[in-house]
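Read the figures in this text as sums done on the coordinates, not as results from a lab. A quick note: this is a predicted structure, and the numbers were derived from the prediction, not measured. Cβ atoms come from the backbone with ideal geometry, glycine included; neighbour counts cover every protein chain shown.
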Amino acid sequence: MRRFLLVLIDLTLIAFATVFASALRDDFTVVPSRLSALLPYLLLTLAVAAVVLAAFGTNRTVWRLTTSANYLDLALATLLIVVGSVVLGFAFNRLEGIPRSVPVLQGLVMLFALVGMRVLLRLRHAARQRPRPLQAMVDEAPTRTVLVVGLSRLTEAYLLSLLELAQERVRVAGLLGRREGDVGRIVLEHPVLGLPEQLATVLQELELHGVSVDEVVVATRFSKLSPAAREALLDIEQAGQISVRYLVERLGLEPRLPTGSRASACQSPRTTFALEPEHLAALAARPYWRLKRMIDVAGAALGLVLLAPVMVLVAVLVAVDIGRPLLFAQQRPGLGGWPFRLMKFRTMGASHDAHGYRIPDSDRLSTIGRLLRRTRLDELPQLWHVLIGDMSFIGPRPLLAVDQSPDIALRLLVRPGITGWAQVMGGRDISPLDKAALDVWYVQNASLRLDLEIVLRTIPLLLFGERINRAAIERAWGDLTMAGICRIDVAESRFKAAIQSIVSTRQAA
């Protein structure tokens, strides 16, 4: 019924355009003979239009979401309708009483009416989606700002999806086009700021204008980008400050991340940590999480007050040693994978020198910065994250988005911590997969007693450095495998090693 109504509206617009063209030709003077001569031509036009519009499927398009491709189809359909009407009219009565300028005017008015109606509906829809000024004052700001790389139909689909579903939660800072001529153009109200090869420069310019980009969305195949553009994306991804998301991969159209991107924490053979839905729900609903949150709030509030002089001293040291800004922020996945910006005191200088060349990380780390890292004083601003609920004192350390594989998503069941079981049992010196096993083991076994043990173990870690506890790692693999959280076929070697360790311990005893 709706499709029939859309066809009826189009035919009404075409009829109006035909009559209006004839009236315009006669300077809106009523001439009865012309009206009677126009009637056969009008009927032929409507008959041709019904066939042409059905062939182009104009009644199947959603008018409020029409695109430039739809407008081109309407232009071609209009041309075919006018030509078909003239041919049939000439065959019927040699266009008797129809001035030769009428079909030309008819085509122009028809195109204006058909396209204009769709444009008006699209603008009306966009106005309804956009919050009113008073509403915008009370609504929350967008949760993240994205920069879109690529100009394609996928780009258009993504922008329309944001307009329809997430306009208040996602803000588009701009787009990066395909060629130099795209720069400065507007795509669905968003400017093209540069080329993919200029990604780093565009991000710096946006930062200077107070726009902090949280995510780069690649709306084209990685293989279609130039080598320089690929290198720019991989540099941003490796830096970890801004997450990079590939739409083609998310849609399942590209089987894996592009060659050269950072590998995920779970290497081959693939190891997956998972629970049945009912067990997962029971673990997430444990009463201890509420008690843990109360302890976190009280401890963070007290810590911010007591350690305020230390934080001021560290801020002064950073300002003298490195300069502004004092804080370094990275987007990390938090509780349930929800992203937040993790803050630390800066311990490294600028990533590029005055000539634009990249400085090695080993040269960027200063003596004071190395001391702050060694004593963990650079992480003092994370007390604020604990207070507002982004983090906890005890929990898995928040990984970079590119390192947070879906296979180890179970570690996101709790808030990330300033310190955790994996840190006190090995820290940076153990493999990502062993660290993931320790984190998941903590999620399964978290308790007040275990948290107190982690706190006590953190003190010697700060004083004497990190030490690997192989027994704890093997225990984690063994417990997770026996509980069915880690598949035994994938972790067979770990499981066997854990069993052998247990047997050896018993034999020694």
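What length, rounded to one decimal in nm, is gained on full extension from PHE56 through to LEU11, with 0.36 nm per residue of separation minus their alpha-carbon distance?
Details: separation 45, 0.36 × 45 = 16.20 nm, distance 1.40 nm.
Between PHE56 and LEU11, full extension yields 14.8 nm more.
Using 7 Å Cα-to-Cβ label points, what is the TYR71/LEU452 separation (nm, one decimal)?
7.0
Across all directions of projection, what mean area in square nanometres is found for the Cα convex hull of the range 139-250?
Working: hull surface 27.8 nm².
Taking a quarter of the hull surface, the average projection is 6.9 nm².
Kindly rank 334-346, 294-306 from highest to lowest mean number of other beta carbons found within 10 Å of each residue.
Packing order, densest peptide first, comes out as 334-346, 294-306.
Between THR29 and ARG153, how high is the FRET efficiency from 1/(1 + (r/R0)^6) when r is the Cβ-Cβ distance and R₀ = 45 Å? Nearest 0.05.
On the way: r = 48 Å, r/R0 = 1.07.
Working from the Cβ atoms, E equals 0.40.
Given a Förster radius of 35 Å and the C-beta distance between ARG178 and LEU120 as r, what FRET efficiency does 1/(1 + (r/R0)^6) yield to the nearest 0.05? Walk me through the numbers before you get to the answer.
On the way: r = 30 Å, r/R0 = 0.86.
Between ARG178 and LEU120 the formula returns 0.70.
Sticking with the crude label model, points 7 Å out along Cα→Cβ, report the distance from LEU79 to ASP235 in nm, one decimal please.
For the pair LEU79/ASP235, the computed spacing is 4.5 nm.
Quick one: which residues, 5 or more positions from ARG178 or on another chain, have an amide H under 5 Å from its amide H? H modelled 1.01 Å from N in the peptide plane, none for Pro or chain starts.
It is LEU151, by chain and number.
On a full-extension model of 0.36 nm per residue, what is the gain between LEU43 and THR375, subtracting their alpha-carbon distance, rounded to one decimal in nm?
110.9 nm
Please work out how much length the chain gains when fully extended from ILE388 to ARG293, using 0.36 nm per residue of separation minus the C-alpha to C-alpha distance, in nm with one decimal.
33.2 nm
Return the sequence-ordered ³J(HN,Hα) values of the range 303-308 in whole Hz as given by the Karplus equation 6.51 cos²θ - 1.76 cosθ + 1.60 applied to θ = phi - 60°, using x for Gly and Pro.
For the range 303-308, the Karplus-derived couplings read x, 5, 6, 6, 9, 4 Hz, x marking Gly and Pro.
So which chymotrypsin sites (Phe, Trp or Tyr not before Pro) in the range 8-57 are both in a DSSP loop and have at most 14 other Cβ atoms within 10 Å of their Cβ?
On the way: sites: PHE16, PHE20, PHE28, TYR41, PHE56; in loops: PHE28.
Taking the range 8-57 and a limit of 14 other Cβ atoms within 10 Å, the loop chymotrypsin sites (Phe, Trp or Tyr not before Pro) found are PHE28.
Could the peptides 317-325, 147-155 be put in order, highest first, of the mean number of other beta-carbon atoms found within 10 Å of their residues?
Details: 317-325: 14.3, 147-155: 20.9.
Packing proxy ranking, top to bottom: 147-155, 317-325.
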